[in-house]
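**Student:** Before we start, here is the structure in question, set down as structure tokens.
The values are calculated or read from the model by the stated rules, or taken from the named source; none is laboratory data. Everything numeric in this text was worked out from a predicted model, so none of it was measured. FYI the Cβ positions are ideal-geometry reconstructions off the backbone, even for glycines, and counts take in every protein chain you see. Heads up: the accessible areas ignore ligands, DNA and RNA and are worked out on the full protein's heavy atoms, side chains in. Shrake-Rupley method; radii C 1.70, N 1.55, O 1.52, S 1.80 Å.
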Amino acid sequence: MDGQNGFAAIKMKRENKNRPESFRDSVATIDESGRRNWIYPTKPSGRLYNYRIYVSYLLLAILFVTPFIRVNGRPLFLFDIIERKFILFGKIFWPQDFFIFGLTMLTLIIFLVLFTVAFGRIFCGWICPQTIFMEMVFRRIEYWLEGSATKMRLRDQGPWNWEKIRIRTTKWAVFFGLSFIISNIFLAYIIGTDQLYKIVTAPVSQHLTGFIAMMIFTAVFFFIYLWFREQICIVVCPYGRLQGVMLDRNSIVVAYDYERGEPRGKVSKKESENLGDCIDCNLCVKVCPTGIDIRNGTQMECVNCTACIDACDHIMDKVNRPHGLIRYASEENIANNNPFKFSARLKAYSVALLALLGMLTFILISRPDVETRIMRVAGQLYQIQEEEGTISNLFNLHLVNKTFRDIPIEIKLLDTEGRIDIVGKKDLTVKGEESTQATFFIYLPVETLERRSTSLRIGIYSKGELISTAKTNFLSPFN
Ligand code: SF4
Ligand code: SF4
């Protein structure tokens, strides 16, 4: 991981002071015997923490309100993986649109990489639902119910008494209730609010599968926020684990200014020993929800929550030093005082991102309301109608309506003489959100056919307006 120069500088300074060699040789959440080291972070406070509260409340409001927003009676977003139906910004997408989904995912990944190369893990600290729920919802409730980090630690270590039973059962009940609400919201994104309402109001026996899904979701959230916590960011989240390959010396991350802070030491020795600005109070470590010491350099466990920035600024106020000993900064900025640079790597990602966005926009704008697939019926070559001087081929037609309204369809030959005869029912109206199939003959005059295979364009019309075209091949006996 980048920032190695900074780490090396700190390491050398430490060694010069004859400190024991323990530089980043362990994980904060695992003790020497390999067991979980429970983190009791001190409650953060400060300017950035307040901003994060406002951002979190806004994002939570969006998350909770969005499933209830309707566009023409339809949800704004729906990710119905069971019915394989997706609604984005009120527009419906089917499995046939999978390449749009793939392209959107690719665009998002490139955006995330670009954003990470430039601004590190800002996403984790400010936007990620895991951090927002953990730090801004469950952790705040925990402080409210249990008191300070020290009280929590002492209570954990102490015997079970009535007070501990009362506080713990209240906490578990509140956490379970919240997990239930969150699971309902996530389910609303998958099955829609109408279906969710049915599951919630009807007897369990009528919606056993939905009820089981809801309880599984609830149990997973309860487990994560009560016990697993920061381990999601440290051992599960692939984004966190990719930091090592995405960050470089110009990435802006939460960083300790070792040039200014080292050698660290107690305030009383600052003048006599010509020490740096870090007074070694350890508050930046105590507030860290992943238990790391940011003074050891950028680490995979850091979720950029900014708690250490606020804590250190608070200490700097007390010792009359400027803010920013821990701040958003790049290694280049700290080591060489260089400002942010739009590097060649960032430029390359930006070009790729713009190209993908352009492609995605074009595909979305030009996407037809009705997707058409025409294929010749398997095993059928051609039929000769000698009396009328035509040759016919039999085709299958598959129409998918990508809107919510019924669309009447007509099909006509483009660029060639001939006629189309639909077998069976003649009405080709496709109901909203549904698909339909039909079989039809194409008859072409013999004199228009010169080759064994003739390529045809078929126009798909609705109310007299051409809405899309489809291509197919017509077979004849001629070579
Ligand atoms: S090092 Fe600082 S920003 Fe990173 S997780 Fe810990 S407290 Fe948050
Ligand atoms: S909070 Fe600031 S002064 Fe205190 S140990 Fe951390 S970096 Fe040093």
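**Student:** Could you work out the helix-only [θ] at 222 nm for the chain, with each DSSP H run of four or more residues adding -39,500 (n - 2.57) and the total divided by the number of residues, to the nearest 500 deg cm²/dmol?
**Tutor:** Result for the chain, helices only: -12000 deg cm²/dmol.
**Student:** Between the range 244-307 and the range 49-122, what's the alpha-carbon centroid distance in Å?
**Tutor:** 35 Å
**Student:** Then there is this: In a Debye calculation with equal point scatterers on the alpha-carbon sites of the chain and no solvent, what is log10 I(q)/I(0) at q = 0.07 Å⁻¹?
**Tutor:** -0.58
**Student:** Charges only on Cβ, +1 for Lys and Arg, -1 for Asp and Glu: so what's the dipole of the chain about the Cα centre, in debye to the nearest 20?
**Tutor:** Result for the chain is approximately 1620 debye, rounded to the nearest 20.
**Student:** Give the carbon-plus-sulfur fraction of the accessible surface of the range 75-203 in %, rounded to a whole number; probe 1.4 Å, heavy atoms of protein chains only.
**Tutor:** 74 percent
**Student:** Rounded if a/c is under 1.5, else prolate if a/b is larger than b/c, else oblate: which is the range 33-108, with a ≥ b ≥ c the root eigenvalues of its Cα gyration tensor?
**Tutor:** It comes out prolate by the Cα gyration axes.
**Student:** What whole number of Å gives the distance from the Cα centroid of the range 130-206 to the Cα centroid of the range 426-467?
**Tutor:** Each part's Cα centre sits 57 Å from the other's.
**Student:** Another question, if that's okay. Tell me the net charge near VAL303. Cut-off is 9 Å between Cβ atoms, VAL303 excluded, with +1 for each Lys or Arg and -1 for each Asp or Glu.
**Tutor:** Here the charged neighbours net out to -2.
**Student:** Over the range 370-475, what percent of the accessible surface lies on carbon and sulfur atoms, probe 1.4 Å?
**Tutor:** Carbon and sulfur: 46 percent of the exposed surface of the range 370-475.
**Student:** Right, something else. With the other protein chains left in place, how much accessible area per residue, in square angstrom, belongs to the chain at a 1.4 angstrom probe?
**Tutor:** Normalised by residue count, the accessible surface of the chain is 53 Å².
**Student:** Ranked highest first by average number of other Cβ atoms within 10 Å, how do 294-307, 85-98, 424-437, 392-405 line up?
**Tutor:** Ranking, from highest mean packing down: 294-307, 392-405, 85-98, 424-437.
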